[in-house]
Amino acid sequence: MPLPKGMSMGEYVKLMDETKPYGVGYRGKACLFPQKNKFPTYYTAFRPDIAYRSDWSPFRKTGIGWKWNPTLYIAFLFFLMPIICYPLFYYLFGYPELFWEVFWNEFLLNIPFIIVVAFFTRLIGYTMVIIDDLLKPYGKNKESIQLLFVDELEFLRFSYRFHEKAYSAWWFIFGFLGFFVILIFDIYSLFNINLYHETLLAPIPDWTIFIEFIKYIGIGLVVFLIITFFVAIIFGLFHLGSLGADPEVLSISEFDKMLSLIIDKFIEALENKTKISESEIEVEPYGRTFYEFQRGNSIIGEFLFNISTMLIIFFIFSGVAVWLINGFQLDQGSLSQWFSLLGILSFILIWLSLGIFILPQIYIHGLLKKFKKNLIDLFFIFVSRLDYIYYASMINPNILSDIGDWKSRKDLLKDLERIERNIEKIEGYGTWSYDFPRKIKSVIFIVLSPIFPLILPFLKLLLPWLP
C-alpha cells in the first residue's frame, strides 16, 4: 500500500517508530512494512535513514568474492602452486628434460581458472555496487528507480523484496552442490593412486598428489562462485524485471488514472452543459508521464545490457582461445578433453548471458505495451471529444465558453494539435527497458555474437591454410 493520503514519508517513519506494527530490524530500527521473514530482527530494516553500507555483513566487507584484493590472492594460492610445484618435482626427481613441458601443461590448465576468478570477481563487484547505488535507501542513484513508484515507501518495499530474493541463502545450496561434486571427484582421485599415475609423464612420489587435491579444492570454489552468481543474478534480475507485477504501485498508473478521469469529466460536462473547469477533479501529485517512467526504467535496461555484454564478450574470447589452442595443437593428451569441455560450456553460457539481457525485460515490456496502447486510446477519445466541440462551435460558438475557457476555435485548435503531437510522441516511445533504436548496432552484435565461435571450425574447413 502507498503512503496514506496527506502523510509525508517523515511522518510515516515517525509513526512506525512509535507503534512498531511490523516489528524491528537489526539495531532496533522499526520496519516500515510487513516482513516476509519470521525473524526480521536478523535483518536491517529498510528505511530512508540507513547509514551507508551499514546493512553489509562482516564477511561481505572483507571483499572476498567481489574484490580482486583479497580474492585473487586466494586464487593464486590454489592455482599457482601446481604451476610452480609440478615442474620442480619432475626436475628434482630426475626428469629435468620434462620441466618446460610440465610447466606449459600446468600453465594451460590453471591460468584459465585465475582468469575466470578475476573476471567474475570484477563482474560481481560491479553488479553489487550498481545494485546498491540503484536500490538501497542510501544509493546515490536511487532517485532513478524511485521515479518508477508512486512514493518512497513503495520503492523501499520493492528494494527490500529484491534483496530478499537476490541474496537468499538458498542460492548457496546450488553452489555447494557444485563444490561437493568437484570434491567427491577429488577424494576419489586421492584414494585412487593408479588414476594419478596415469596422468603423470614420469614416475614421481605418490605424496605429490596433495597438489592435485589443493587444485581441485580451488576448482570447487570457482564452481561455487560461478553457480551462486548465476543463480542469484538470474532470480534477482527477473524480480527486477517484474516490477510491474503490481501496476497500482507504479508512478505511471496515476497518469493513466488522471487522463481517464479528465475524459470522464469532459464527457460529463458535454452532457450536462457545464464547464469542465468547474468539475471536482482530484489529481494525485506523484503521477509520472510515460517519458519520465522510461527514464528510470532505461537505467534497469542499461544495467541488464552491461552485465550481459560483459558475460558474452568474455565467453566469446574463451571460445576463440579454445579454438586457437586446438588449432595450434597446444593442448596435448588429456588436456584436449578439458578444452573441448570448456568450448562447449562457453557456447552454453553465451546463450544464458543473452537470456539475462532479454528475459527479465519481457514482463515490464508487456505492461508498458499495454499501457502505451491504453494511453493512445485515451488520447484519441480526447481528440474525438475536442473535434466534436470544434465542429459544433461552427454552428453554436457559445459552446466554447460554455464547456471550456476557449475564446475562439483557434484556441481549441491549439489544444487539438498539442494532443495529436502527444499521440505521435507516444507512438514512438519504446516499451523495452533498453533503448533499442539508439543502440541497435550493439544489440545486433549481442544477438549474433554467439554464432561467432561456431563459424570458426567451418572457416578452417573452407580455408585449410588456417592453423
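Of note:
- Any hit, the stretch 339-354, residues being touching a Pro at 6+ places or on another chain (Cβ under 7 Å), modelled with pLDDT of 75 or more, over 21 Å from I227 (Cβ atoms) and part of a helix (DSSP H, G or I): no
- Where S433 falls short, out of the listed (1) farther than 30 Å from F293 by Cα; (2) in contact with a Gly (Cβ under 6 Å, 6 or more places away or on another chain): (1)
- Summed over the stretch 73-101, the residues that are of a type in the set (D, E, K, R) and more than 17 Å from T199 (Cβ to Cβ) give a count of 1.
- P34 meets each of the listed conditions (1) in a helix (DSSP H, G or I); (2) in contact with a Phe, Trp or Tyr (Cβ under 7 Å, 6 or more places away or on another chain) apart from (1).
- The C-beta contact set for the stretch 1-30 (first residue at positive phi, second residue among the β-branched types (V, I, T), distance under 8 angstrom, 6+ apart or interchain) comprises G23/T41; R27/T44.
- Count of the stretch 60-95 residues which are of a type in the set (S, T, Y), exposed (fewer than 14 other Cβ atoms within 10 Å of the Cβ) and part of a helix (DSSP H, G or I): 1
- Tally of residues being more than 17 Å from V150 (Cβ to Cβ), open to solvent by less than 80 Å² (accessible area, probe 1.4 Å) and out of contact with any strand residue (DSSP E or B) (no Cβ under 8 Å at 6 or more places or on another chain) across the stretch 20-33: 3
- Flag if E302 is in a helix (DSSP H, G or I), within 24 Å of the chain's Cα centre (by Cα) and at pLDDT below 80: no
- Flag if V223 is open to solvent by 70 Å² or more (accessible area, probe 1.4 Å), modelled with pLDDT of 80 or more and touching a Gly at 6+ places or on another chain (Cβ under 9 Å): no
- Test: residue in the stretch 103-114 that is out of contact with any strand residue (DSSP E or B) (no Cβ under 8 Å at 6 or more places or on another chain), open to solvent by 50 Å² or more (accessible area, probe 1.4 Å), in contact (Cβ under 8 Å) with a residue 24 or more places away in the chain and part of a loop (DSSP other than H, G, I, E, B): no
- Any hit, the stretch 271-281, residues being at pLDDT below 75, farther than 28 Å from K5 by Cα and assigned to a helix (DSSP H, G or I): yes
- Boolean, L77 is of a type in the set (A, V, I, L, M, F, W, C) and either in contact with a His (Cβ under 9 Å, 6 or more places away or on another chain) or in contact (Cβ under 8 Å) with a residue 40 or more places away in the chain (or both): yes
- Residue within the stretch 218-235 that is farther than 30 Å from Y188 by Cβ, of a type in the set (S, T, N, Q) and either part of a helix (DSSP H, G or I) or in contact (Cβ under 8 Å) with a residue 60 or more places away in the chain (or both) present: no
- Tally of residues being at pLDDT below 85 and not hydrophobic (A, V, I, L, M, F, W, C) across the stretch 1-22: 4
- Within the stretch 139-217, helices (runs of 4 or more DSSP H) holding 1 or more residues that are within 22 Å of the chain's Cα centre (by Cα), surrounded by fewer than 17 Cβ atoms within 10 Å (Cβ to Cβ) and of a type in the set (V, I, T): 170-191
The values are calculated or read from the model by the stated rules, or taken from the named source; none is laboratory data. If you're wondering where the values come from, they're calculated on a predicted model, not measured in any experiment. Virtual Cβ from ideal backbone geometry, glycine too; neighbours counted across all protein chains shown. Quick note on the areas: whole protein, heavy atoms, side chains included, nothing else; ligands and nucleic acids left out. Shrake-Rupley method; radii C 1.70, N 1.55, O 1.52, S 1.80 Å.
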